[in-house]
Structure formats: C-alpha cells, structure tokens
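Q: Please find one structure pasted underneath; my questions will follow.
The values are calculated or read from the model by the stated rules, or taken from the named source; none is laboratory data. Note that this is a predicted model, so its numbers are computed, not measured. Glycine also receives a Cβ, built like all others from the backbone with ideal geometry; neighbour counts cover every protein chain displayed.
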Amino acid sequence: MSDTPATYVARRQAESRFVPLRGLRYHANVWGGPSRTTRERPLLLMTHGWMDVGASFQFVVDAMAADRAVVAVDWRGFGRTTVPPVDCYWFQDYLGDLDALIDALSPDAPVDLLGHSMGGSVVMSYAAVRPERIRRLVNIEGFGMPETHADLAPKRLRQWLDELKTPQRLRSYSSLAEVAARLVKNNPRLRADRAAWLAAHWAEQRADGAWHILGDPAHKRVNPIIYRKDEVLEGWKRIAAPTLWVEGDETDPDRWWGHRYPRSEFEARIALVANLQRTRLVDCGHMLHLDQPEALAARLEDFLG
C-alpha cells in the first residue's frame, strides 16, 4: 500500500488566464465566464495573502454554488504573476494592480471583492477610494499592521539598506511530496489530499530538477516606508459597501505582534467600518479558506446573496 496521500479532485476546474496590465502578465484562476454574472450576482474577485497563491481558494469555490463567476488572482511576485527583478514590494502597487484588474475583468459593473490577510488589507484600502466599484466587501483576517511612529523611520531605513545588500532566498524541495509536507507543517489543519493538490500550484519544477516556491524572495525584504495607521483608518471610515469580517476562532494575533498590536486596538479600528457584519468560524486558524472551506463558503453565500 502506498504512503502517498490521494490528491484532491477539484469539483470546478479553473481556467488559467493571463491579464496584461501595468506592464505585467497577471495570472488569474477563472471559474465561470461573464455569462454567469448579473447585477445581483456579480463577479466575485478573490485576493490572497502573503506567500500564498490564488489557487488556494479552490476548496472554497468548490463548496459554493456553481452558478457564480469567480476569479482568484496571483498578486505580483506570487504564483504565476512574475515581475522583473525588484528590490522590494510596495503596498500601493497592489492597489494599482487591483484597480486595473477590475477595469479589465468587470469594466461596466461593480464586483464583490474578497481579500485574505494581506489581501484583506488591500481590499479595505481599495474599497475606501473606489466605492463605486464594490458591491460587497469581504475581509478575511486582514488585521492590518501595528501602529508605528515617526521615530522608527530611521531604523526602518537602515534595515532596508542592510537588506538590499543581503541576497534573499527561498528553500527548494526535491519533490512535490516534500512541498506538500511543508504546507502541512505550516498549517497542520490542512488535509493531506488538499496539500498534495495545492503543492503543484504553490511550486514548480525547474531545470535543476528541484521544486521551487512560486514566490519572489524579494518579498522577504522589509519595505522602507513605515505603516501609517492614521492614514489607513481614514480609508476604513470611508468604506461604503456592506462589509463582512471573518476570522478563525483559534487565531491569536498576539502571537504575531504581542503588545505592539493588542486585540483592543483592532476592535477600535474595525468599529470604524459603518456597514459591518462579523462572523467567527470554529476549528480554524488564520488560513480559514484551507481549514474550513465549506463553512467559509456557506457564510459567503449567505452574505453575498
């Protein structure tokens, strides 16, 4: 008997497309075409978090009704959206990419927009400045970052200069099974069959025979610009779309930031969003779309209508 786990079989096969925008070929996983969009059920655009890929939403899409058009993109420098060599990545570029993507994918109608983690922070800022482009907004654990102060700026600049001189690398793997094992190590709740399926979308085999993670190592470098909480929250106050906040019951942000960003601070921030619904899914952590895709899909269907 083989010890290799069975690979997940997708219920809805995604079409792989590339969208030219801002000098890049943006990769998109597409489930269903424009014929499936209506004013009441517009395109659902999903955006992933740091060191993830759009394909990781496959399990949620499979648990949703098949009559909705869904697109999950790979952010620049992740998955199959490659970029020329860069020193580091800028948050504002994600906003520019998202604006161009929505223009390309749904030029004449608002979309339902979803973001996880880093993607959640991006979609919140975008919905604040392009309210006419968003019908419903979903933020899955996009907490934002701890508040920073001006006196930290010189230290951050020094760190950035030092990291520019430091080559950044990501570990490679000898097989897809090793990639899948790494995914499970990162997230022990991830089912083995889903990890085996996701591994082929999270890494690729190159000329050296090894499997390499589909993420630019430059993402590991710090950005020289400090996080300006007050500027971000001015945007959150302006979000007009009905907004759903989703989190896992076992997520503990204190493990990431400790006293620098206590839960009470987040509660004060999220209270600024005017038209807000909240939900907490059980038996899952930060990677809700991998831990409990069926429960997440049911809540999305209810909220999106």
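Q: Restricting to the range 171-215, name every residue that is exposed (fewer than 15 other Cβ atoms within 10 Å of the Cβ), of a type in the set (Asp, Glu) and in a helix (DSSP H, G or I).
A: Matches in the range 171-215: ASP193 only.
Q: Let me ask something else. Within the range 258-288, how many residues turn out to be among the hydrophobic types (A, V, I, L, M, F, W, C) and part of a strand (DSSP E or B)?
A: Adding up the residues that qualify gives 2.
Q: Would you check if ALA218 is touching a residue at least 24 places away in the same chain (Cβ under 8 Å), more than 30 Å from VAL273 (Cβ to Cβ) and either in contact with an Asp or Glu (Cβ under 7 Å, 6 or more places away or on another chain) or in a loop (DSSP other than H, G, I, E, B) (or both)?
A: Against the criterion (touching a residue at least 24 places away in the same chain (Cβ under 8 Å), more than 30 Å from VAL273 (Cβ to Cβ) and either in contact with an Asp or Glu (Cβ under 7 Å, 6 or more places away or on another chain) or in a loop (DSSP other than H, G, I, E, B) (or both)), ALA218 qualifies.
Q: Scan the range 129-136 and tell me whether some residue there is outside any helix (DSSP H, G or I) and closer than 26 Å to ARG25 by Cβ.
A: yes
Q: Would you tally the residues in the range 12-39 being in a loop (DSSP other than H, G, I, E, B) and within 26 Å of GLU141 (Cα to Cα)?
A: Narrowing the range 12-39 to residues in a loop (DSSP other than H, G, I, E, B): 12-14, 22-23, 32-33, 37-39.
Okay, now just the ones that are also within 26 Å of GLU141 (Cα to Cα), so 12, 14.
So the count comes out to 2.
Q: Go through the range 132-170 and count every residue that is in contact with a Gly (Cβ under 8 Å, 6 or more places away or on another chain) and surrounded by fewer than 19 Cβ atoms within 10 Å (Cβ to Cβ).
A: Number satisfying all stated conditions: 1.
Q: How many of the residues making up the range 14-41 are of a type outside the set (Ser, Thr, Tyr) and either within 18 Å of the chain's Cα centre (by Cα) or modelled with pLDDT of 95 or more (or both)? Break it down into steps so the answer makes sense when it comes.
A: Residues of the range 14-41 of a type outside the set (Ser, Thr, Tyr): 14-15, 17-25, 27-34, 36, 39-41.
With the extra rule that they be either within 18 Å of the chain's Cα centre (by Cα) or modelled with pLDDT of 95 or more (or both), the set shrinks to 14-15, 17-25, 27-31.
Number satisfying all stated conditions: 16.
Q: On to the next question. Please count how many residues of the range 230-257 are closer than 17 Å to GLY119 by Cα and not in a loop (DSSP other than H, G, I, E, B).
A: 10
Q: Something else: Within the range 262-277, is there a residue that is surrounded by fewer than 20 Cβ atoms within 10 Å (Cβ to Cβ), under 26 Å from LYS155 (Cβ atoms), touching a Ser or Thr at 6+ places or on another chain (Cβ under 9 Å) and at pLDDT 95 or above?
A: Among the residues of the range 262-277, not one is surrounded by fewer than 20 Cβ atoms within 10 Å (Cβ to Cβ), under 26 Å from LYS155 (Cβ atoms), touching a Ser or Thr at 6+ places or on another chain (Cβ under 9 Å) and at pLDDT 95 or above, which makes the answer no.
Q: Is there a residue being of a type outside the set (Asp, Glu), at pLDDT below 95 and over 19 Å from HIS27 (Cβ atoms) anywhere in the range 233-245? Break it down into steps so the answer makes sense when it comes.
A: Of the residues in the range 233-245, the ones of a type outside the set (Asp, Glu) are 233, 235-245.
Retained after the next criterion (residues that are at pLDDT below 95): none.
No, that holds for no residue.
Q: Can you tell me which of ASP99, ASP93, ASP108 is closer than 17 Å to ARG135 by Cα, over 14 Å from the mean Cα position of the chain (by Cα) and part of a helix (DSSP H, G or I)?
A: On the way: ASP93 fails: closer than 17 Å to ARG135 by Cα; ASP108 fails: part of a helix (DSSP H, G or I).
Every option except ASP99 fails the conditions.
Q: SER172 is checked against (1) at pLDDT below 95; (2) within 23 Å of the chain's Cα centre (by Cα); (3) not hydrophobic (A, V, I, L, M, F, W, C) and fails just one. What number does that condition carry?
A: (1)
Q: Of the residues that make up the range 281-299, is at least one within 19 Å of the chain's Cα centre (by Cα) and without any contact (Cβ under 8 Å) to a residue 40 or more places away in the chain?
A: yes
Q: Moving on to the next point. Right, TRP236: more than 19 Å from GLY142 (Cα to Cα), among the aromatic types (Phe, Trp, Tyr) and either touching a Cys at 6+ places or on another chain (Cβ under 9 Å) or surrounded by 15 or more Cβ atoms within 10 Å (Cβ to Cβ) (or both) or not?
A: no
Q: For the range 43-56, which positions are under 20 Å from ALA127 (Cα atoms) and either surrounded by fewer than 21 Cβ atoms within 10 Å (Cβ to Cβ) or of a type in the set (Asp, Glu) (or both)?
A: Of everything in the range 43-56, just one residue is under 20 Å from ALA127 (Cα atoms) and either surrounded by fewer than 21 Cβ atoms within 10 Å (Cβ to Cβ) or of a type in the set (Asp, Glu) (or both), namely TRP50.
Q: Look at LEU170 and say whether it is in contact with a strand residue (DSSP E or B) (Cβ under 6 Å, 6 or more places away or on another chain) and within 24 Å of ASP87 (Cα to Cα). I'd like the intermediate steps shown before the answer.
A: Working: in contact with a strand residue (DSSP E or B) (Cβ under 6 Å, 6 or more places away or on another chain): yes; within 24 Å of ASP87 (Cα to Cα): yes.
The answer is yes for LEU170.
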